[in-house]
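The values are calculated or read from the model by the stated rules, or taken from the named source; none is laboratory data. The structure displayed is predicted, hence computed values, not measured ones. Reconstructed Cβ throughout: ideal geometry from the backbone, glycine too, with neighbour counts over all protein chains shown. Calculation scope for accessible area: heavy atoms of the full protein, side chains included, ligands and nucleic acids excluded. Shrake-Rupley method; radii C 1.70, N 1.55, O 1.52, S 1.80 Å.
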Amino acid sequence: MKLKRDVIGVVLAFMSAGFVATGMNASAYQEVYDTQAKQEQKVQKAIASEFITPQDKNELKQTVVAFDEAKTKENRDSLQDKIKQQKKLLAKINSRLEINEAKTAAHEYNKIIDELGMLTKKSQEVFIEKADEQQVEVLATELAEITAPQKVKPVRQLAKKTAALAEKMSDNQTEMKNFVANLKADNQAAVALQKNKFLAKTDKNELGKLQKENEKYFKDADDLITLQSRREASNSLLFTLQDRAKDTEQDFSENEEVARKLIQAANELLAKGDLNPTEKTELNQVRTALNDALGLKNYQPGDLSSNYTALKTNYDSSYKVSNERKIEAKRQAEEAARKKAAERKAAQEKSAQEEDNNSANNEIPAPTPSAGGWHQAPPGYKFLKVESGKTYGQVKNPNNFRQITLAEAANYTPGHGNGSAKQ
């Protein structure tokens with residue numbers, strides 16, 4: 001629309017100058033303006049180029065201004081001449097732009113060579129992602145495909161990739177080193193945790209395996225995801241076992257002392273209690289479970305408390321049964337003792353009565369005095385010295401001896417003669 005308005009302005013200008021503009025002239029001018037409009041787009045593109053010199057930029061701008069000033073004042077031939085001059089200048093400047101761009105492309109290309117060289121060297125360091133190392137080779141191949149670069153676009157695209165890879169490689173390396181530092185810290189924590197008395201042997205073995213697995217990555221690693229997964233697993237196990245040790249310590253703090261006393265009581269009940277085989281087996285099973293918990297055998301936090309409760313229940317029941325049986329056994333024993341004592345008393349009384357009767361019917365004859373102050377035992381009798389259990393035929397003082405029958409004397413030993421007794 002602007003060009004059409006320009007045409008109207010030209011017509012009016014020519015009319016004021018005494019010329020008559022026909023429809024044919026107007027169409028011819030419109031064609032000139034259309035040509036200039038297309039060319040000006042190329043001019044503006046050249047002006048906007050980063051490779052244009054200030055002088056070239058000013059010259060192009062001047063041609064644009066000159067045409068704008070002339071289009072309402074000069075005739076079609078003059079305007080076409082200006083378009084040709086501008087086109088010629090644009091061609092020269094575009095040629096210079098290509099040269100400048102080629103120089104820039106070559107310079108930036110050389111920078112990429114240096115940067116890829118540094119990346120190649122860095123890719124040989126420890127804790128470099130394998131994927132990053134492989135990408136260096138990919139970019140090197142792309143660089144080789146750009147021969148004698150004339151345009152900066154492909155060079156800069158490659159430069160952008162190179163910069164991005166350098167940043168990514170550095171970030172990944174830093175992150176992997178951080179993971180390894182955390183794994184080393186985990187191992188130190190694992191060593192300390194292995195000394196915790198509230199961790200079972202199986203848990204301590206797991207900590208040993210954790211340390212060995214973590215150590216695989218201490219010197220080098222080439223996969224960030226694998227390293228991250230290793231650290232997560234390591235950290236998770238540590239937290240689990242730390243919590244388990246804490247819970248176990250709490251369980252032992254609350255139940256260890258009473259549990260040991262209860263086991264001692266259960267041992268005594270098993271050894272001295274009045275329990276049948278089935279009752280002993282059941283009591284021993286729950287006692288063993290509590291004893292295993294104290295030794296952290298197949299232990300889970302809370303086992304000491306639950307196994308103590310189980311043994312306490314069984315012990316109380318078994319103790320009651322045993323005690324009742326003991327009381328009943330004692331009662332029966334006392335009853336049997338009383339009965340036996342009564343029977344023995346009755347027998348003794350009967351025996352005494354019989355002895356009394358025998359004594360009344362069978363008088364023991366008196367000893368016969370003999371020469372020298374000796375007394376001879378009656379026929380069928382002996383003297384018994386009760387204190388020594390010795391028997392004699394003659395004694396000086398019969399009152400110091402007991403007179404027994406020969407049948408009774410057979411149960412004793414004959415004594416040797418002395419001043420007070422002899423055979």
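I'd like the residue in region 174-212 that is of a type in the set (K, R) and under 12 Å from the mean Cα position of the chain (by Cα) and, out of all such residues, is nearest to N255 (Cα to Cα).
Among those that are of a type in the set (K, R) and under 12 Å from the mean Cα position of the chain (by Cα), it is K204.
Looking at L143, is it out of contact with any Lys or Arg (no Cβ under 6 Å at 6 or more places or on another chain) and touching a residue at least 40 places away in the same chain (Cβ under 8 Å)?
no
For region 212-266, which positions are closer than 30 Å to T288 by Cα, of a type in the set (S, T, N, Q) and crowded, with 19+ Cβ neighbours inside 10 Å?
Result: T248, N255.
Between a residue in region 404-423 that is open to solvent by 80 Å² or more (accessible area, probe 1.4 Å) and any residue that is part of a loop (DSSP other than H, G, I, E, B), which pairs come within a Cβ distance under 7 Å, given they are 6 or more apart or on different chains?
Here the result reads L406/G380; Y412/G389; P414/Q423; Q423/G393; Q423/G417, each pair linking region 404-423 to a residue that is part of a loop (DSSP other than H, G, I, E, B).
Take the residues in region 279-293 that are over 23 Å from E249 (Cβ atoms) and among the aliphatic types (A, V, I, L, M); name whichever of them is surrounded by the most Cβ atoms within 10 Å (Cβ to Cβ).
Residue satisfying both the conditions and the ranking: L283.
Report every pair of residues separated by at least 6 positions or lying on different chains whose Cβ atoms are under 7 Å apart, first residue within region 40-56 and among the aromatic types (F, W, Y), second assigned to a helix (DSSP H, G or I).
Once the first residue is among the aromatic types (F, W, Y) and sits in region 40-56, its partners that are assigned to a helix (DSSP H, G or I) give F51/L97; F51/N100; F51/E101; F51/T104.
Look at L283 and say whether it is more than 19 Å from the chain's Cα centre (by Cα), assigned to a helix (DSSP H, G or I) and at negative phi.
Spelling it out, L283 is indeed more than 19 Å from the chain's Cα centre (by Cα), assigned to a helix (DSSP H, G or I) and at negative phi.
So which residues in region 53-104 are among the acidic types (D, E) and either under 60 Å from the mean Cα position of the chain (by Cα) or outside any helix (DSSP H, G or I) (or both)?
Residue satisfying the conditions is E74 alone.
From the residues in region 362-388 that are among the small types (G, A, S) and within 12 Å of Q403 (Cβ to Cβ), which one is surrounded by the most Cβ atoms within 10 Å (Cβ to Cβ)?
Result: A377.
Against the condition assigned to a helix (DSSP H, G or I), open to solvent by less than 80 Å² (accessible area, probe 1.4 Å), of a type in the set (V, I, T) and closer than 22 Å to A245 by Cα, how does V191 come out, does it pass? Write out each step before concluding.
Values: assigned to a helix (DSSP H, G or I): yes; open to solvent by less than 80 Å² (accessible area, probe 1.4 Å): yes; of a type in the set (V, I, T): yes; closer than 22 Å to A245 by Cα: yes.
So V191 passes the test.
Look through L296, L304, L269 and report the one residue that is outside any helix (DSSP H, G or I) and open to solvent by less than 50 Å² (accessible area, probe 1.4 Å).
Answer to the selection: L296.
Does F198 fit the bill of being outside any helix (DSSP H, G or I), in contact (Cβ under 8 Å) with a residue 40 or more places away in the chain and among the hydrophobic types (A, V, I, L, M, F, W, C)? Spell out how you get there, then give the answer.
On the way: outside any helix (DSSP H, G or I): yes; in contact (Cβ under 8 Å) with a residue 40 or more places away in the chain: yes; among the hydrophobic types (A, V, I, L, M, F, W, C): yes.
In short, yes.
Looking at region 295-318, I want the residues that are more than 18 Å from L269 (Cα to Cα) and free of Cβ contacts under 8 Å to residues at least 12 places away in the same chain and have a partner that is open to solvent by 70 Å² or more (accessible area, probe 1.4 Å) and of a type in the set (K, R) with Cβ atoms under 6 Å, at least 6 apart or on another chain. Which pairs are those?
none
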